[in-house]
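The values are calculated or read from the model by the stated rules, or taken from the named source; none is laboratory data. It should be emphasised that the depicted structure is a prediction, and the values quoted were computed from it without experimental measurement. Ideal geometry is used to build each Cβ from the backbone, glycine not excepted, and the neighbour counts take in all protein chains shown. Accessible surface areas use protein heavy atoms only, side chains included; no ligands, DNA or RNA. Shrake-Rupley method; radii C 1.70, N 1.55, O 1.52, S 1.80 Å.
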Amino acid sequence: DVQRKQKDLLAALAAQDERIRRMEPQKVSLDGQEATVDAGEKKAYDDAIGILRKGEFAKAAEALQGFQRRFPSSPYNGHVQYWLGNAQYGKGEVKEAAQTFRALVNNAPDHPRAAEALLALANCQVELKDPKAARKSLDELVKNYPQSEAAQAGRERLAKLK
């Protein structure tokens, strides 16, 4: 009887330990950089990205904007802004997407997604029938991120824009 009670107690402790561990801050890798985030923060980000991957752009944009309000100083925020721009573009809000991509580049020029954001910004500007602005964004991309894959694509698009 004592052994059974001990086993039950150990099982309960293990379950409680697991619940506590799920609530502790977690280390995540964001484009090769380590960051520490709360469990709820990681879940909210993963959920929003999951919605985006399903192609549910309106729901994804809502989830990503909610994330920004809930976690204003999150290490995910640059990524959230980049994916928000993609969600906005996906739901046809090209002007808003352009503003979101520009804000990412302006606020975090060293962010790993900044070059891709500039390329996406130029795509938005072409779609908005502003080739002059698109050319300027592509020039900025090639000048500031010359070794990036986005810059290579930007060079090809610049040749087509001229």
What's the magnitude of the charge dipole for region 5-117 around its Cα centre, counting Lys and Arg as +1 and Asp and Glu as -1 at the beta-carbon? Answer in Debye, nearest 20. 280 debye
Dividing the alpha-carbon radius of gyration of region 1-83 by 2.2 N^0.38 Å, where N counts its residues, gives 1.53
Using only Cα atoms, tell me the angle between helix 114-127 and the longest principal axis of the chain; keep it within 0 to 90° and round to the nearest 10. 50 degrees
What relative contact order, as a whole-number percentage, does region 111-162 give when Cα pairs under 8 Å and 6 or more residues apart are counted? 35 percent
Where the accessible area of the chain is counted over protein heavy atoms with a 1.4 Å probe, how much of it, in %, is carbon and sulfur? 51 percent
Dimensions (Å) - region 77-119, Cα atoms, principal axes, largest first: 28, 14, 14
Quick one: accessible surface of Arg70, probe radius 1.4 Å, all protein chains present, in square angstrom to the nearest 10. 150 Å²
If you count only protein heavy atoms with a 1.4 Å probe, what accessible area per residue comes out for the chain, rounded to a whole Å²? 63 Å²
Using a basic spin-label model with each label point 7 Å from the Cα along Cα→Cβ, how many nm lie between Asp38 and Gln65? 2.2 nm
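Just to be sure I follow: if Rg is taken over the C-alpha atoms of region 35-85 and Rh is the Kirkwood radius over the same atoms, what is Rg/Rh?
Rounded to two decimals, Rg over Rh is 0.93.
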For the chain, what is the relative contact order in percent, using Cα pairs closer than 8 Å and at least 6 residues apart in sequence? 12 percent
Which lysines, on any chain, are close to Lys59 with Cα under 19 Å apart, when same-chain ones fewer than 8 places away are left out? Lys42, Lys43, Lys91, Lys95
Once both axes come from the Cα atoms, what is the angle between helix 2-23 and the longest principal axis of the chain, in degrees from 0 to 90, rounded to 10? 20 degrees
For Leu30, enumerate residues with amide H under 5 Å from its amide H, sequence gap 5+ or separate chain, H modeled in the peptide plane. Ala35
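Given an 8 Å cut-off on Cα distances and at least 6 residues of separation, report the relative contact order of region 71-122 as a percent.
Averaging sequence separation for qualifying contacts and normalising by length gives 33 percent for region 71-122.
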